[in-house]
Amino acid sequence: MKIELQGIVKQFKSRRALDQVCLTIEPGQVVALLGLNGAGKTTLLRCLAGTVAPDQGRIVYDGQEFVRGRMDLRRQFMFLPDFPAIFEEWTPLQHIGMVLRLYELAQPGVEDRVVELLRELDLLPLAEVPLATLSRGQRYKAALAALLAVNPKLWLVDEPFASGMDPNGINAFKRRARQAAAKGQTILYTTQILDAAERFSDHVCVIHRGVIRAYESAAELRKDPHAATSGLDDIFSQLREEEVS
Amino acid sequence: MTLRGWSFEAAARKRVRAEVFASESLRQEYRLARAAAKGRPSMPPGVYRLLFMGFLVLLAVESKEITVENVVAIILLWTLGTMFYQASHLYAALYDEDGVIVYDYLPISDTAIFRLQWRRFLRGSGWPIFDFAVAYSVLLFQAGLTWRAVTGGLAFGVVQWVFIMATAVCLVAFSRPNHFTPLALPFQFAALVILSVGYNLSSVCTWLEGLAWSVPPVGWILQSLGVSEIGGALQRLWPGLASAVVLALSPIAFGRVRRAFLLSEPTHTSDGRIPEILEFGERLAMSPEDARAAIQRRQFLAGLNWDEAGLVERHFSRLLNARERTVAEFMLAAEPGWTLRLRRMSPFLLLALVMPWLFRHRWLPNAELFLPVWGLMGAAAIIRTARGFEVPPGGGLRSPYYANYPIEFWELARVALKINLASTFVLLLFFLVLYAASGGFQVRAIEDGLRWAAVAMIAQPLLVIAAISPRTNDAQDRGFAWSALALLLVLLGGGVAFFMAAKWWVVALGGLLAAGASVLGLVLYGRSFNRSRFDLVPTRRTDAD
């Protein structure tokens, strides 16, 4: 799915969380959204998900403007917050079943995919255990399994690497995201872990004080003349300097 | 135990300020954050209390519409409501507060935690002194005292507070906590009704005044003031006896509450999970083969079988199409359980029907007094809050559950409307029977009943907005707020005409106007929602990630 952000502004009383954000993300990309705390990463993700309304600007998915009422577009993406919106009395299976039904994807054959996903995420024995009894990482995995079962055109994932998932869960996320991107789906995730962003993304988008400061592939970012010597570490050191001075 | 190191905090504050003021950008951030914090609209709860009590005093001093019976009735109902409320507050302080969970994982003894939470409870529970000081001052003023009414009122307020605390401790020690809040609300609501229209309910107030002698310490205070006329020797003894029993029981109850707290295991693990439930979860874990077989049966995709869920559910589900059933299941987040709840409440409902009829000709002058109390209980029995409108747990700003999934506004609105309508119909049916039982089948009563039924219908679209709006920041748009205000004024105007007018065509016009405003409100709200005119997070403009 192609994403176009056209002059997105989100103003909170004392400051602009997003300031004239313009960005185009081509289909089939894995994009890491990086920024200091309070930079506007999650606000941007929420704008894309429709839960936060931009004050100005347009969000365009595959050439069509997205507003909250566009259910045809809404069904093509899924937002996975850092604390997923799951009912804790439910089991992973109930949650996945409900999400599939809400996306109207409960066709025959989907159960094989669910078995496969649960096995991959080590949740098969816990399929009928209430989510309240599971650890934070396991709950996140259950929500991720629902996302993977739906397999939308656009994944909006908040902090997958700080979600409490074990290495197996993180690897499953990476593997599935790569497979999805290869099929033309778009994966946009936030993270604070520079190494992860550098290694696992086609493009890195650096946001600072609501402004996109860089949108480059990780390799190109290193060559950026503004980026001092090399790597995302230097960019963030530079941002930190600006912040303090 | 000392939770705060004041000297450390002062030193740290000094250092932080020095750092902040040394940097221009940090200074600017600080100024913005300070301005933002000042700009947050918040009304301290004490203001509402002042307004409430100010209204009571005004009524007493200026309008002379309030009588001794009115004040006694209000004191009685407010006492009962406050007792249950404080019991709920104490239970929450000991077991439900976030702080308790945190303390469980710090090297603090249970005894210290109990002492800390008990003191915190006491500190937050002083407001009844003010309430009852005002109420008793008004009572003494009505009884003919002038400036001494204030000091006397204050003394009685303190006595009343002591008894309320003692009763709250007894309630926590000897009864089940889940009933405290549902029992507090009807009494407090009834007190507000008496405060607002008590001058039209003199016989009800007289009846309540007659009951007041049985509730400690109200009866004892009234007896000592010579306000209540009590007949037999036992009745004369009762207020003092009941007060003594409560006071004697309270140390025993306190010890019991304390022991129960000290013996209880931490209710949560470090990530908020409950050990008992963890064990339950472990028992439910199954082998991969069994899990695979369960998934292959596709039951997890089938959803709720509404036909087998119960009588009410079966009939209700006929109002919904397949998609709406899915949305309803998501929003309710559990089996509705309406039939089960109705069955559990049936003895109380039966009692509600029988009591007014039994006592109508004896000592209960207005059987309709039961209507709000039983009505609230009936509503609590039937209506279940749709969990989908709530915000999931977790840190930071959260959107409600529904906002994270592809559920369209009109799907939400239709499901919420149908659930509310079904509940309203059941309630109306119940009220109708209750009216019959209380002998209210007169033309005026039927007219009033029908008007209330119409109001219940007219309010339905607004109830949908009321479910969505609190978890949004919709009111921050000035245009939106002005439109809502205009619609509310039309709604109120129509509503007043609907209730007050004598001519039928004015009544009809008022009703239509109110209904139109209500429906238009929902339509406009839906359009704003669908066009992303506001956030689905309860942000103030100062909040951002």
* Filter the helices (runs of 4 or more DSSP H) completely within segment A:1-103 down to those with at least 2 residues that are in contact (Cβ under 8 Å) with a residue 40 or more places away in the chain and over 19 Å from the mean Cα position of the chain (by Cα). => A:92-102
* Structure fact -> Over segment B:470-485, the set of residues crowded, with 17+ Cβ neighbours inside 10 Å and assigned to a loop (DSSP other than H, G, I, E, B) is B:THR472, B:ASN473
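Residues that are at pLDDT 85 or above: find the helices (runs of 4 or more DSSP H) completely inside segment B:220-325 holding 2 or more of those. Please lay out each step first, then the result.
On the way: elements: B:233-263, B:275-284, B:288-296, B:299-302, B:311-317.
Fully inside segment B:220-325 and qualifying: B:233-263, B:288-296, B:299-302, B:311-317.
What number of residues within segment B:499-540 are within 14 Å of another protein chain (Cβ to nearest Cβ) and in contact (Cβ under 8 Å) with a residue 12 or more places away in the chain? Reasoning before the result, please.
Of the residues in segment B:499-540, the ones within 14 Å of another protein chain (Cβ to nearest Cβ) are B:523-540.
Still in the running and in contact (Cβ under 8 Å) with a residue 12 or more places away in the chain: B:524-526, B:528-530, B:533-540.
Number satisfying all stated conditions: 14.
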* Structure fact -> Exactly one of A:GLN107, A:GLN94, A:GLN64 is polar (S, T, N, Q) and surrounded by 18 or more Cβ atoms within 10 Å (Cβ to Cβ), and that residue is A:GLN94
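State yes or no: is A:GLY109 free of Cβ contacts under 8 Å to residues at least 40 places away in the same chain and on the phi > 0 side of the Ramachandran plot?
On the way: free of Cβ contacts under 8 Å to residues at least 40 places away in the same chain: yes; on the phi > 0 side of the Ramachandran plot: yes.
Yes; evaluated as a whole, the condition is true for this residue.
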* Selection within segment B:502-514 - surrounded by fewer than 21 Cβ atoms within 10 Å (Cβ to Cβ) and not in a loop (DSSP other than H, G, I, E, B) -> B:TRP504, B:TRP505, B:VAL506, B:VAL507, B:ALA508, B:LEU509, B:GLY510, B:LEU512, B:LEU513
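Within the group A:LEU44, A:LEU18, A:LEU33, A:LEU48, which residue is surrounded by fewer than 24 Cβ atoms within 10 Å (Cβ to Cβ) and at pLDDT 90 or above?
Working: A:LEU44 fails: surrounded by fewer than 24 Cβ atoms within 10 Å (Cβ to Cβ); A:LEU18 fails: surrounded by fewer than 24 Cβ atoms within 10 Å (Cβ to Cβ); A:LEU33 fails: surrounded by fewer than 24 Cβ atoms within 10 Å (Cβ to Cβ).
Just one listed residue meets the conditions, A:LEU48.
The values are calculated or read from the model by the stated rules, or taken from the named source; none is laboratory data. Owing to the predicted nature of the structure, the values given are computational and were not obtained by experimental measurement. Note that we place each Cβ from the backbone using ideal geometry, even for glycine, and neighbour counts take in every protein chain shown.
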